[in-house]
Amino acid sequence: MTRERALRFGSLVRGSLFFKLVLIYLGTTVVLMLTVGMVFHLTFDRPPMNETPLGKHLQKYVEHLANELGDPPQRDRGLRLAQELGVQSHVTTPQGEWTTIAGFPSDATLTAENPEHHHLRPFGRYHDAFFATLDRQDVHYTFLFPRESFGRGGGRAVIWLLTLIGVVLGGSYLVVRWLFRPLSWLNVGVREIAKGNLTYQVPVRSADELGRLTESFNVMATQVRDIVRAREQLLMDVSHELRSPLTRLKVGLEFVQDKTVRARLQQEARELETMVTELLEAERLSSDYGGVRTTEADLVALVRDVVGAYRERQPTIRVIATLDSLLVHMDVERVRIALRNILENALTYSPATGPPVEVRVQRTDASTLVSVRDHGPGISPEEQGRVFEPFYRVDKSRERGTGGYGLGLSLAKKIMTAHRGDLLLVSALGQGSTFTLQFPL
């Protein structure tokens with residue numbers, strides 16, 4: 001029965017963080033109380049010193065000092081003791097009194113310095129020194145010892161007390177911090193999940209409340225990962241299934257007699273095909289087997305080739321390259337898609353009669369950059385952080401003049417991330433926007 005209770009108690013301790021904290025602070029309180037009680041006992045709750053073995057030895061020592069002074073006591077011997085041992089003397093006889101040092105305190109002064117220790121006479125403290133008295137027949141002796149003769153006593157006790165309290169509190173802090181390690185691990189886990197690392201699992205090292213919270217967090221992360229993967233798989237499946245109907249639709253549109261209607265329907269079909277293609281491409285980049293396949297290619301030539309496809313569009317596009325050729329490790333077709341999406345966005349939002357869209361290619365000490373600057377309305381600071389989200393559009397109404405489904409910039413961002421680079425945005429309302437494709441060296 002006792003063993004079962006012990007096991008139940010052990011299970012309670014392991015399974016409850018709060019119970020552990022209660023035990024820790026209970027133990028801390030007990031240790032501090034015992035320490036304080038011990039110090040006070042050693043410092044203040046002692047018998048009269050003249051009744052202790054140490055006191056009896058001191059009495060013998062004081063009697064020896066009195067004998068050293070002679071009978072009758074002689075001041076020159078007292079001066080010799082002061083020089084050899086550092087012990088100062090004050091002697092009172094019927095014939096008079098003498099001291100070995102000027103300003104030697106009187107008995108009244110010594111008693112006034114030790115009102116709470118009157119029972120310790122013939123011993124006591126005076127400032128930083130220790131005194132002892134002796135009465136022998138009609139002679140009264142008072143000896144003053146330097147503090148170093150008997151150590152620091154109570155001062156050391158206080159130092160030990162403070163040291164022990166510091167050690168106990170420091171140890172309690174370390175133990176509590178060790179118990180709360182799962183909180184820091186959970187903090188790391190939350191940050192990893194927020195960055196999109198849905199495979200991250202927080203280590204579980206205990207069975208208490210924090211351990212169970214950690215397990216629940218891991219279960220939640222796994223479920224979120226499964227939901228996201230299921231959504232991505234659904235998008236891919238739907239996109240694949242739409243390919244065949246789109247092909248048949250494009251073929252059927254060729255038989256429409258009304259050219260105006262046929263052109264409008266073909267434009268709608270192209271937009272739908274673009275959306276499906278971008279969805280598939282984005283999901284391929286996110287899959288384990290759809291990463292970029294890089295080769296060394298001329299980035300300047302690729303930019304000029306992509307820009308050439310828009311020579312009939314307004315406004316025009318001007319390419320500014322600091323070098324005639326710039327070799328970069330990249331997936332050419334994926335980068336082509338990213339460039340095309342950025343240029344489509346720039347041309348769509350720039351006025352047709354406005355200045356040319358500028359495409360600048362350059363290499364810095366840290367990276368290779370392709371910047372596309374338009375002269376559109378710009379993007380507000382509140383929306384700049386969201387323009388790379390899938391299906392997010394700055395113009396919520398999706399006007400006919402702008403079109404699109406909010407996938408182009410998101411796909412371009414994924415392509416650059418897959419290249420271990422980035423897609424940067426600098427924009428201000430009324431001043432246009434600059435999108436920069438950043439390739440690592």
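The values are calculated or read from the model by the stated rules, or taken from the named source; none is laboratory data. Keep in mind that this is a model prediction, so the values were computed, not measured. Cβ coordinates were reconstructed from backbone atoms using ideal geometry, including for glycine residues, and neighbour counts include every protein chain displayed.
Tabulated data
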read-out	value
Count of the range 37-80 residues which are modelled with pLDDT of 75 or more, out of contact with any helix residue (DSSP H, G or I) (no Cβ under 6 Å at 6 or more places or on another chain) and aliphatic (A, V, I, L, M)	6
Residue selected from the range 97-111 under the condition modelled with pLDDT of 85 or more and among the polar types (S, T, N, Q), by the criterion farthest from Leu85 (Cα to Cα)	Thr99
Selected residue [closer than 30 Å to Val22 by Cα, within 19 Å of the chain's Cα centre (by Cα) and modelled with pLDDT under 85] from Val188, Val168, Val176, Val202	Val176
Residues that are charged (D, E, K, R) and within 23 Å of Thr28 (Cα to Cα), drawn from the range 167-224	Arg177, Arg181, Asp208, Glu209
Residue check, Leu162 modelled with pLDDT under 85, among the aliphatic types (A, V, I, L, M) and under 23 Å from the mean Cα position of the chain (by Cα)	no
Hey, Asp374 modelled with pLDDT of 90 or more and under 14 Å from Thr436 (Cα atoms) or not	yes
Pairs, first closer than 21 Å to Leu210 by Cα and touching a residue at least 12 places away in the same chain (Cβ under 8 Å) in the range 165-181, second β-branched (Val, Ile, Thr) and surrounded by 13 or more Cβ atoms within 10 Å (Cβ to Cβ), C-beta under 7 Å, six or more apart	Ser172/Ile24; Ser172/Thr28; Val175/Ile24; Val176/Ile24
Subset of the range 304-345 (residues that are assigned to a strand (DSSP E or B), under 41 Å from the mean Cα position of the chain (by Cα) and crowded, with 19+ Cβ neighbours inside 10 Å)	Val328, Met330
Residues satisfying the stated conditions in the range 178-213, i.e. in contact with a Lys or Arg (Cβ under 8 Å, 6 or more places away or on another chain) and assigned to a helix (DSSP H, G or I)	Leu179, Arg181, Pro182, Gly211
Filter result for Leu285 (under 24 Å from Leu369 (Cα atoms), assigned to a helix (DSSP H, G or I), of a type outside the set (Lys, Arg) and at pLDDT below 80)	yes
Filtered residues of the range 183-204 (kept if surrounded by 12 or more Cβ atoms within 10 Å (Cβ to Cβ) and more than 15 Å from Val219 (Cβ to Cβ))	Leu183, Trp185, Val188, Glu192, Asn197
Per-region count, the range 137-153, residues in a helix (DSSP H, G or I) and either surrounded by 13 or more Cβ atoms within 10 Å (Cβ to Cβ) or modelled with pLDDT of 75 or more (or both)	1
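Residue-wise test of (1) touching a residue at least 60 places away in the same chain (Cβ under 8 Å); (2) of a type in the set (Asp, Glu); (3) more than 19 Å from Val426 (Cβ to Cβ).
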{"position": "Leu299", "(1), (2), (3)": "yes, no, yes"}
{"position": "Ala309", "(1), (2), (3)": "no, no, yes"}
{"position": "Val328", "(1), (2), (3)": "yes, no, yes"}
{"position": "Ala338", "(1), (2), (3)": "yes, no, no"}
{"position": "Pro355", "(1), (2), (3)": "no, no, no"}
{"position": "Val359", "(1), (2), (3)": "no, no, no"}
{"position": "Ser367", "(1), (2), (3)": "yes, no, no"}
{"position": "His375", "(1), (2), (3)": "yes, no, no"}
